[in-house]
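Working notes, structure below.
Since every read-out is calculated from the coordinates, none of them should be taken as a lab result. As the structure is a prediction and not an experimental result, all values here were calculated from the model. Here the Cβ positions follow ideal geometry from the backbone for every residue, glycine too, while neighbour counts run over all protein chains shown.
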Amino acid sequence: MSIQEQLKQVIDENEIVLFMKGTPDFPQCGFSGKTAQMLQSFEIPFASVDVLASEEVRQGIKEYSSWPTIPQLYVRGEFVGGCDIMSELYESGELAAIIKAEKTESS
Amino acid sequence: MTITADQIEQWIRVGLSEQAQVSVEGDGRHFFATIVSDDFLGQSLIARHQMIYKILGDKMHAEIHALSLKTLTTAEA
């Protein structure tokens, strides 16, 4: 699988996934740490990928979203944004709404 | 050569329409840009930030280490 395919798989298979520098318990960058904290405050499980562990992943995820910076949050396959956007959404309550939204199934 | 906040301000300004207000602060490593412009009308936050990243182009990959963006329309400011 190409790196893009691998990333797509991770993003599709995890409802909430944060691509960050370091891990939520040991962030390696202030912006990444902030986003991990925001997610932790919701007390829901989320996946995280440490881009520092792989240069391929670090470059690949930027290409995937055409977004030049880390961290990057994906919820249900969609790119939500980086630290700035997440902070604004967090403060307006929109991030909580996005995270906690029920999966809508069409029947 | 270290990038200055003024340079980033110029680069962004050039890419937006004349009524845009651009203010950039930074220490040479981390920069904070506040941009008020009606170029952002009708645009999601992601689209607004993408607009700025596009204006800066390659500089985002090479020269700018970290850039925080605050993007507002004149009505939101």
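Could you tally the net charge around A:I3, taking each other residue with its Cβ under 13 Å from the Cβ of A:I3, Lys/Arg +1 and Asp/Glu -1?
That sum, taken over residues with Cβ under 13 Å, equals -1.
Pick from A:G60, A:G93, A:G82 the residue whose mean-square fluctuation is largest in a GNM of chain A, springs joining Cα atoms under 10 Å.
A:G93
Could you list log10 I(q)/I(0) for chain B at q = 0.23 Å⁻¹, which the Debye formula gives when each Cα is one point scatterer?
One equal scatterer on each Cα of chain B leads to -1.05.
Which residue fluctuates most in the GNM of chain B (Cα springs below 10 Å): B:R13, B:R48, B:R29?
Greatest mean-square fluctuation among the candidates belongs to B:R29.
Between the alpha-carbon centers of the range A:30-87 and the range A:1-16, tell me the distance in whole angstrom.
One Cα centre to the other: 13 Å.
7 Å from Cα along Cα→Cβ at both A:K100 and A:Q9: what's the point-to-point distance in nm?
3.4
Taking the range A:1-56, which GluC sites (Glu not before Pro) meet the DSSP loop condition and have no more than 14 other C-beta atoms within 10 Å?
A:E43
Take B:Q19 and A:Q40, extend 7 Å from each Cα along the Cα→Cβ direction, and tell me the distance between the two endpoints in nm.
Here the modelled spin labels are 4.4 nm apart.
When Lys and Arg each count +1 and Asp and Glu each count -1, what net charge do the other residues less than 14 Å away from B:V14, Cβ to Cβ, add up to?
Value of the local net charge: -1.
May I have the extent of the alpha carbons of chain A along their three principal axes, as whole Å values ordered from largest to smallest?
Projected onto its principal axes, the Cα set of chain A covers 38, 35, 22 Å.
Given the pairs A:K100/B:K70; A:K8/B:K59; A:K62/B:K54, which are separated by over 22 angstrom at their Cα positions?
A:K100/B:K70; A:K8/B:K59
What length, rounded to one decimal in nm, is gained on full extension from A:E88 through to A:R76, with 0.36 nm per residue of separation minus their alpha-carbon distance?
Extending this stretch completely gives an extra 2.4 nm.
Counting every Cα pair in the protein assembly as shown, what percent are over 29 Å apart?
Result for the distance tail: 23 percent.
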